[in-house]
Amino acid sequence: MSEAFSGKINREIFSLSAIPILIFFFTFFHFISNIPFQDDYDALLEPVTKFKQMSAFSWSEFLQIIWTQDDERRIVIDRIAAIFIYLLTGQLDLRLHAFLGLLSLLGILYLIYTIIKGARLPLSLIITSSLLLFQIQYYETIFWAMIPFQHIIVYFFAILSFYFLSSPTTKYLVLSLIVAVLATLSDVSGIFVLPVGALLLLLQHRWKHSLIWVLIIGSIVALYSYNLTIPAFRPKPLDNLQHPDLVLTILLAFSGLSADASTALPSSMRIGLIVLAGAGLWIIVAYYGFKLIRSAFDRSGRPFVRWEITLWGGLFHLGITMLAFSIGRALDGIDAVLISRYKHIGFIWLILIILLISSKFTVKQNKLFSKAWLVVSFFIFLFSYFQYLAPLDYYYKERYTDIYEWQYNRSIPSTPIYLNLRSVVDTVTVRAIRTGVYHLPDHYFFEGPYQQTSGLFPLLVDQVGKHTVTFKNDSFIRNIDKVDGAYIMLKSSKQQHIIPTKQSRYSLKSFLLSSDGDYYARGFTANIATAYLLDDQIYVVYVIVIKGTKKQLYATNYQIQSTANSVKVIDL
């Protein structure tokens with residue numbers, strides 16, 4: 001094969017690999033909002049506001065700001081990045097914060113490329129890796145501002161550290177130590193660079209360097225863990241260990257997240273497929289991992305090349321991370337892992353295992369293997385956008401209605417725990433706004449003016465128990481645009497609530513067999529907790545319908561009457 005022809009193929013492969021990346025970031029910029037969500041308040045808004053309020057810079061105060069525990073971890077890198085963005089732009093822009101954190105995905109893809117290149121694997125696996133990495137099954141991780149600089153960058157730093165650790169020179173050892181410290185300061189899962197790095201050095205028979213690693217990284221991990229406590233609402237590890245069956249199930253499910261068909265399958269089949277896939281992936285890693293360790297500690301030993309250390313470092317680190325999560329969350333049940341937020345871990349794990357298997361095949365075998373995975377990854381990529389565009393659309397709307405509700409009603413309907421932390425969250429947010437650290441949206445796309453309509457909108461309003469009011473429609477059809485759809489308005493003399501509706505979506509089978517090709521099916525649902533309603537009010541129920549630039553307000557035949565002790569739905 002001529003160099004010119006080879007170069008042309010390489011350019012085509014890299015160009016094709018760029019397509020999922022471009023689609024991914026187009027989707028990101030289309031749906032991202034500058035609105036905090038849950039932990040963003042105390043993880044980002046509060047520390048940046050405290051930094052802004054410092055009368056004079058103090059290292060001790062600065063360290064306290066970035067070192068303060070968040071939930072069960074410290075997120076030092078996250079907070080440093082947020083402060084840097086504030087210093088750069090004069091405010092905390094959560095969109096920029098998320099985007100910069102997501103750039104670490106490109107770093108992970110580059111490290112995957114070094115493995116493919118170093119092991120002389122088919123270059124088409126770069127396209128496969130791009131398709132599996134740059135898709136939206138983990139949309140919460142992508143659009144939740146604090147997460148990329150925590151749950152994504154930690155794996156970039158960890159794998160980069162192992163990449164440097166493959167060289168026996170002092171220079172690369174120092175680089176590896178520096179990046180390992182960054183991994184540790186990114187998230188609690190970063191502390192696992194300590195055992196993984198030590199194991200990789202021992203496998204290379206670098207006894208002196210392994211001692212240095214344990215002393216330096218061990219000290220950083222000890223410092224990180226000092227006074228780090230498990231919140232009271234989290235199950236304790238010892239309690240979880242009393243249920244080894246749950247630990248094992250969650251471990252296998254975590255490992256098999258890349259096989260999650262979501263609502264495309266019944267729940268039992270969905271979980272069974274995930275656990276079965278996870279067991280298969282663990283068997284592969286355990287088999288080749290045993291052979292790796294055995295070959296390293298036989299009499300002759302054998303040298304390890306950079307791609308092997310990088311690959312196995314990533315696998316060991318992700319494996320320990322999943323095991324630690326399983327031990328820490330067993331009593332939360334399997335639903336704790338079957339959420340969007342952790343799926344990127346499952347896909348990085350899958351990619352590394354694909355590369356591991358490919359490294360054991362012959363050239364002829366790899367041609368078929370790489371083509372098969374190219375097809376599979378392409379369909380996984382398409383499936384991710386079909387399956388998760390609807391929840392992402394709802395997530396986008398929910399962020400705007402949440403901040404609207406907070407601004408006008410001091411409520412955050414999507415986050416029930418807010419009711420217990422209202423004074424804390426309100427104080428943090430008000431201070432961030434007053435100091436100019438954070439700016440509320442200038443306009444809400446669901447606000448008026450509205451076109452008044454005649455007739456009543458078909459709606460069923462019901463009360464579920466004492467604490468929830470639900471809204472349902474079976475006939476509404478919406479367009480695909482991100483702001484299009486129906487919104488519930490509850491209006492009283494003192495308060496107005498705006499609630500986004502969750503639009504029904506065709507199943508994959510129905511969508512493929514449908515003649516009109518519509519993505520959204522008929523109907524929607526919505527709900528609101530009665531705790532957010534004021535006492536002694538009559539709320540009139542309206543429906544806002546947005547189609548493009550048209551905003552229509554429909555009356556319904558329902559009112560909601562609230563008292564100090566009860567809520568009553570009135571059908572007029």
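A few points about this structure:
- The charge dipole of region 256-317, taken about the Cα centre with unit charges on the Cβ atoms of Lys, Arg (+1) and Asp, Glu (-1), comes to about 240 debye, rounded to the nearest 20.
- Every helix of 4 or more DSSP H residues in the chain counts as -39500 (n - 2.57), and over all residues that averages to -18000 deg cm²/dmol at 222 nm.
- Within the shell of other residues whose beta carbon sits under 9 angstrom from the beta carbon of Tyr138, the net charge comes to +1, with Lys and Arg scored +1 and Asp and Glu -1.
- Theoretical gain in end-to-end length, Ser58 to Asp571 [0.36 nm per residue, Cα-Cα removed]: 178.5 nm
- Each of Gln365, Gln387, Ile433 was placed along the dipole of region 335-436 (beta-carbon charges, centred on the mean Cα), and the one lying farthest toward the positive end is Gln365.
- Nearest 10 degrees, 0 to 90: helix 193-203 Cα axis against the chain principal axis: 20 degrees
- Student exercise, region 362-479 dipole from Lys, Arg, Asp, Glu Cβ charges, in Debye to nearest 20: 600 debye
- Averaging the sequence gap over all C-alpha pairs within less than 8 Å and six or more residues apart, then dividing by the number of residues, gives region 1-149 a relative contact order of 37 percent.
- Distance in nm between pseudo-label sites at Ile212 and Thr362 (7 Å out along the Cβ direction from Cα): 4.3 nm
- Across the options Gly280, Phe51, His151, the greatest Cα extent toward the positive end of the charge dipole of the chain (unit charges at beta carbon of Lys, Arg, Asp, Glu) belongs to Gly280.
- Simple point charges give the picture: +1 on the Cβ of Lys and Arg, -1 on the Cβ of Asp and Glu, and for the chain a dipole about the Cα centre of about 1580 debye.
- Considering only alpha-carbon pairs that sit under 8 angstrom and 6 or more positions apart, the relative contact order computed for the chain is 15 percent.
- Of Lys291/Lys343; Lys494/Lys568; Lys466/Lys547; Lys472/Lys568; Lys397/Lys547, pairs whose Cα-Cα distance is over 23 Å: Lys291/Lys343; Lys466/Lys547
- Highest-first arrangement of 216-223, 520-527, 289-296, where packing means the average Cβ count within 10 Å: 520-527, 216-223, 289-296
- Over region 387-469, relative contact order from alpha-carbon pairs under 8 Å, at least 6 apart, %: 15 percent
- Net charge of neighbours whose Cβ lies under 15 Å from the Cβ of Ser225, counting Lys and Arg as +1 and Asp and Glu as -1: -2
Values in this text are rule-based calculations from the coordinates and carry no lab data. In this text the structure is predicted, and so the values were computed from the model without any measurement. Counting neighbours? That spans all protein chains shown, and the Cβs are built from the backbone with ideal geometry, glycine included.
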